[in-house]
Amino acid sequence: MATTAYLVKNLGILSVAKFGAIVGLIYGIVMGLVMAVTVGAMSGTIGGAIAAAIGTFIAVAIAGVIGGFITGAIVAFIYNFALGTIGGIEVDLEVQNSGH
């Protein structure tokens, strides 16, 4: 198969931010579970432990989404701004026959 080189000339800030939000959500869920177990184990009563664990999990997951969205937007903005200096990202794509 032949490959063709393409240059990424612009990143959509909103699309990268949305992708960052998804990555942040996954990270937030994982870290939220770890922190929920830790916070829950440190709480004195069972009811308090459950409430603290659930609250921690939700807060960390939301923070992951917000942080990922903001980080994605910043990365796309910096890439677009620096494009003139760095020349962009080169991507090699392969053309495949669909077999039809």
Options (1) 45, 18, 12; (2) 42, 18, 9; (3) 83, 22, 5 - which one matches semi-axes √(5λ) of the Cα gyration tensor in Å as calculated here: (2)
Just rank M35, M42, fewest to most, by other beta-carbon atoms within 10 angstrom. M42, M35
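What number comes out for the charge environment of A5, summing +1 per Lys or Arg and -1 per Asp or Glu over other residues with Cβ under 10 Å away? Spell out each step's value before the answer.
On the way: positive: none; negative: E90, D92.
So the environment of A5 carries a net charge of -2.
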Relative to the longest principal Cα axis of the chain, at what angle does helix 46-86 sit, 0 to 90 degrees, rounded to 10? 20 degrees
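Read-outs: derived from the displayed coordinates by stated rules, not from any lab. For clarity, every value in this text was computed on a predicted model and none was experimentally measured. For neighbour counting, all protein chains shown are included, and Cβ atoms are generated from backbone atoms with ideal geometry for every residue, glycine included.
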